[in-house]
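Beneath this line is the structure, given in structure tokens, with notes to follow.
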Amino acid sequence: MEEKIPKHVAIILDGNGRWATKRGLKRSEGHKAGFENLKKLTKHIMTTGVEILSIYAFSTENFKRDKEEVDYLMNLFIHGFKSSIKEFNSYGVKVIFSGGREPLSNLVWESMKELENSTKDNTKGILNICLNYGGRKEIVDTTKKLIEKVINKEINIEDINEEVFRKNLYNDLPPIDLLIRTSGEYRISNFMLYNLAYSEMYFTDTLFPDFNSEEFDKALYDYSKRDRRFGGNKKQ
Ligand code: IPE
Ligand code: IPE
Ligand code: MG
């Protein structure tokens with residue numbers, strides 16, 4: 001049987017807090033373990049034939065959390081991104097970010113730009129980190145971007161179609177083939193709304209810090225048995 005490997009996989013990495021609480025640890029320990037797991041998982045995923053991995057690291061709504069937790073996460077991003085440049089380069093992965101600038105601090109923003117710049121020539125795969133990301137906001141921002149292009153006569157209004165819209169999102173990425181959410185929650189939580197339109201969904205109770213290579217391979221196997229029809233009546 002021909003193996004079906006998804007080109008673009010997206011993960012809503014959830015359950016870091018519960019993973020820590022279950023062990024009597026602070027929620028921040030769960031975020032630390034989640035970040036370490038993300039690196040290991042990225043290494044593995046880049047060997048499976050998956051070309052693009054989008055991960056939900058921090059939503060626009062996550063700013064509603066206690067200041068202590070938000071501060072911890074921001075520091076984890078600053079130090080974690082800096083210290084993992086070498087590692088991401090060794091996997092051959094190009095890191096890009098999706099999300100807005102405000103209200104991130106300069107230090108967070110600079111660490112994101114540094115990671116992007118330092119990995120930009122890698123060709124083995126793409127890791128798209130969604131940070132300060134909201135799916136509705138992305139659609140609104142893209143609409144504004146296209147209106148500006150029309151005003152500046154860079155594009156004609158008649159030429160805007162679904163594909164042009166997709167290419168003008170924060171990053172020009174193909175639609176998502178497989179969405180995974182860990183921790184037993186069954187919702188999208190404002191993740192990549194536009195590119196998720198026809199994705200296959202995979203939900204697991206495993207908390208993200210425990211979602212290892214074997215768990216990921218189970219999701220790939222599940223995906224390989226799915227029958228994607230895209231609204232038609234034939235297998236695609
Ligand atoms: C996911 O883990 C990471 C982020 C949202 C930053 P959570 O922090 O949401 O963990 P739970 O859902 O509270 O267990
Ligand atoms: C979604 O997880 C956001 C990220 C994984 C970054 P949340 O834990 O914030 O989502 P809800 O609040 O359970 O919907
Ligand atoms: Mg959560």
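The values are calculated or read from the model by the stated rules, or taken from the named source; none is laboratory data. Here the structure is a predicted model, which means the values were calculated and not measured. A quick note on method: Cβ atoms are made from the backbone with ideal geometry, for glycine too, and the neighbour counts reach across all protein chains shown. For accessibility, only protein heavy atoms count, side chains too; no ligands or nucleic acids. Shrake-Rupley method; radii C 1.70, N 1.55, O 1.52, S 1.80 Å.
At a glance:
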| item | result |
| --- | --- |
| Set 21, 48: member being of a type in the set (S, T, N, Q) and more than 30 Å from residue 224 (Cα to Cα) | 21 |
| Test: residue in the range 98-107 that is assigned to a helix (DSSP H, G or I), closer than 25 Å to residue 176 by Cβ and modelled with pLDDT of 95 or more | no |
| Which numbered condition residue 78 fails, given (1) away from ligand 1 (no atom under 16 Å from the Cβ); (2) in contact with a Leu (Cβ under 7 Å, 6 or more places away or on another chain) | (1) |
| Candidates 185, 116, 158, filtered to the one that is within 22 Å of residue 82 (Cβ to Cβ) and either open to solvent by 20 Å² or more (accessible area, probe 1.4 Å) or among the hydrophobic types (A, V, I, L, M, F, W, C) (or both) | 116 |
| So residue 40, is it surrounded by fewer than 20 Cβ atoms within 10 Å (Cβ to Cβ) and either on the phi > 0 side of the Ramachandran plot or part of a loop (DSSP other than H, G, I, E, B) (or both) | no |
| Some residue of the range 97-111 being more than 16 Å from ligand 2 (Cβ to nearest atom), open to solvent by less than 30 Å² (accessible area, probe 1.4 Å) and not basic (Lys, Arg) | yes |
| Hey, residue 62 within 18 Å of the chain's Cα centre (by Cα), within 14 Å of ligand 1 (Cβ to nearest atom), polar (S, T, N, Q) and open to solvent by less than 20 Å² (accessible area, probe 1.4 Å) or not | no |
| Top-ranked residue of the range 1-34 - restricted to ones that are hydrophobic (A, V, I, L, M, F, W, C) and within 15 Å of ligand 3 (Cβ to nearest atom), ranked as nearest to residue 187 (Cα to Cα) | 12 |
| First in the range 149-169 and without any contact (Cβ under 8 Å) to a residue 24 or more places away in the chain, second anywhere and assigned to a loop (DSSP other than H, G, I, E, B), Cβ under 6 Å, 6 or more apart | 149/155 |
| Selection within the range 79-96 - open to solvent by less than 20 Å² (accessible area, probe 1.4 Å) and in a helix (DSSP H, G or I) | 80, 81, 88 |
| Options 119, 123: the member that is β-branched (Val, Ile, Thr), over 29 Å from residue 29 (Cβ atoms) and touching a residue at least 24 places away in the same chain (Cβ under 8 Å) | 123 |
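Let's see how each residue does on (1) within 30 Å of residue 33 (Cα to Cα); (2) over 18 Å from the mean Cα position of the chain (by Cα):
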position	(1), (2)
189	yes, no
193	yes, no
205	yes, yes
214	yes, yes
225	no, yes
233	no, yes
